[in-house]
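Trainee: Structure in structure tokens, see below.
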Amino acid sequence: MRPDRRNRSRHAYNLIGLLTFVVMIFPVYWLVISALRPNAEIRSYDQTLWPSSITFDNFSRAMDQANFGTAVKSSLIVCVTAVVGAMIMATIAAYAIGRFRFKGRRIFMIVLILVQLLPPTAMLIPIYLQLNELGALNEYWGVIIVYLVSTLPFATWMIRGFVINIPKELEESAMVDGCSQMGAFWRVVFPLLAPGLAAASIYSLINAWNEYLLAYVVLQDNDKYTLNVWLANFTTSRGVDYGALMAASTLIAIPVVAFFMVIQKKMAAGLTSGAVKG
């Protein structure tokens, strides 16, 4: 390929990438800008890309909304517990699948992927009936179990891709030095799984943090609602407080963004960990 043609191709790809970035980032930009606009400007028909004045009153009203503190507590309890539980179970399952050979292993891995094809909304009624029989309605642990189980298959598959790329010789060397199989796993394999765990944990956290329908159906008390369900408080018979709603949505997005920024390097390595060997 000629240099001039190669340069034109590179510029075209850069332009496509820039346009894709603008399209993807614009809703986030509009969310933040709307949170900083005065309410009168939000309701105006004449919208501009930049507010005429910036105010933080929307954030004050959002945090002063009833049950804000309890909604934060509920989301943290449900999401942190579900993510930690899913990572523990997925790591154990991924290690077993990646290291041991047992009958039905390939079928089991295929089932892990097929389970992800089922939309959660299609299983809402069976899940509700099962939770009702278990007495888990309006209980944190009922939502936690569903979040954990829903993210477990993909997290297991993702971490398994990283396990199979860790040489068995490392474990064998540790066992020669006196470690047991479990000791070799915790001392040698587990620290090397950090990128895979980072990728799986951000996936699990996003799913749990952004989920709305199940939490709305299962949790029935206002003091147990998660943040996404709590957002419905800004819609009343008198209308929607768009400024406070946008501010609250911005606040809700901050924890996930912060968590992603902390582990982004490890997450990138984890997403490609199973691309070579399988």
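Trainee: Among (i) 23.3, 74; (ii) 22.1, 83; (iii) 19.4, 72, only one was calculated for this model; which label is it, if the read-out is Rg and Dmax of the Cα atoms in Å?
Mentor: Given (i) 23.3, 74; (ii) 22.1, 83; (iii) 19.4, 72, the structure-derived one carries the label (i).
Trainee: I need the shape label for the range 14-77. Rule: rounded when a/c is under 1.5, else prolate if a/b > b/c, else oblate, with a, b, c from the alpha carbon gyration tensor.
Mentor: Taking the square roots of the gyration eigenvalues as a ≥ b ≥ c, the range 14-77 is oblate.
Trainee: Right, another one. How many Å³ per residue does the convex hull of the Cα positions in the range 153-251 occupy?
Mentor: 141
Trainee: From the residues GLY243, LEU231, GLN181, which one has its Cα farthest along the dipole of the range 169-243 in the positive direction, the dipole being from +1 and -1 charges on Cβ of Lys/Arg and Asp/Glu about the Cα centre?
Mentor: GLY243
Trainee: Name the most mobile residue of TYR29, TYR242, TYR216, meaning the one with the largest mean-square fluctuation, in a Gaussian network model of the chain with Cα contacts below 10 Å.
Mentor: Result: TYR29 has the largest fluctuation of those listed.
Trainee: Still on this model: Mean Kyte-Doolittle of at least 0.5 and a Cα length of 20 Å or more along the axis: which whole DSSP H helices of the chain meet both?
Mentor: Going by DSSP H runs, the hits are 3-36, 68-99, 140-163, 194-210, 242-271.
Trainee: Ignoring ligands, DNA and RNA, what accessible area per residue does the chain give at 1.4 Å, in Å²?
Mentor: 60
Trainee: GNM on the chain, C-alpha springs below 10 Å: top fluctuator among GLY135, GLY17, GLY85?
Mentor: Of GLY135, GLY17, GLY85, the Gaussian network model singles out GLY17 as fluctuating most.
Trainee: State the percentage of accessible surface on the range 158-243 attributable to carbon and sulfur atoms; use a 1.4 Å probe and exclude ligands, DNA and RNA.
Mentor: Accessible surface attributable to carbon and sulfur in the range 158-243 totals 58 percent.
Trainee: GNM, the chain, Cα, under 10 Å: largest mean-square fluctuation among GLY183, GLY69, GLY243?
Mentor: Fluctuation is largest for GLY183.
Trainee: Oh, and also: Take peptides 58-68, 113-123, 204-214 and line them up by average Cβ neighbours within 10 Å, highest first, as a rough protection proxy.
Mentor: Going by the mean number of other Cβ atoms within 10 Å, highest first, we get 204-214, 58-68, 113-123.
Trainee: Same structure, new question: State to the nearest 20 debye the size of the charge dipole of the chain about its Cα centre, where the only charges are +1 on K and R beta carbons and -1 on D and E beta carbons.
Mentor: It works out to roughly 1360 debye.
Trainee: Can you give me the % of accessible surface on the range 70-114 that is carbon or sulfur? Probe 1.4 Å, all protein chains present, nothing else counted.
Mentor: Ligands and nucleic acids excluded, carbon and sulfur give 80 percent.
Trainee: Got a sec? Charge dipole of the chain, +1 on Cβ for Lys and Arg, -1 for Asp and Glu; which of PHE162, LEU137, LEU152 is way out at the positive end?
Mentor: Farthest towards the positive end: PHE162.
Trainee: Next question, about the same structure. With contacts defined as alpha carbon pairs under 8 Å and 6 or more residues apart, what's the relative contact order of the chain in percent?
Mentor: Relative contact order of the chain: 30 percent.
The values are calculated or read from the model by the stated rules, or taken from the named source; none is laboratory data. As the structure is a prediction and not an experimental result, all values here were calculated from the model. Ideal geometry is used to build each Cβ from the backbone, glycine not excepted, and the neighbour counts take in all protein chains shown. Ligands, DNA and RNA are stripped out before the accessible areas are found, and what is left, the full protein with its side chains, is counted by its heavy atoms. Shrake-Rupley method; radii C 1.70, N 1.55, O 1.52, S 1.80 Å.
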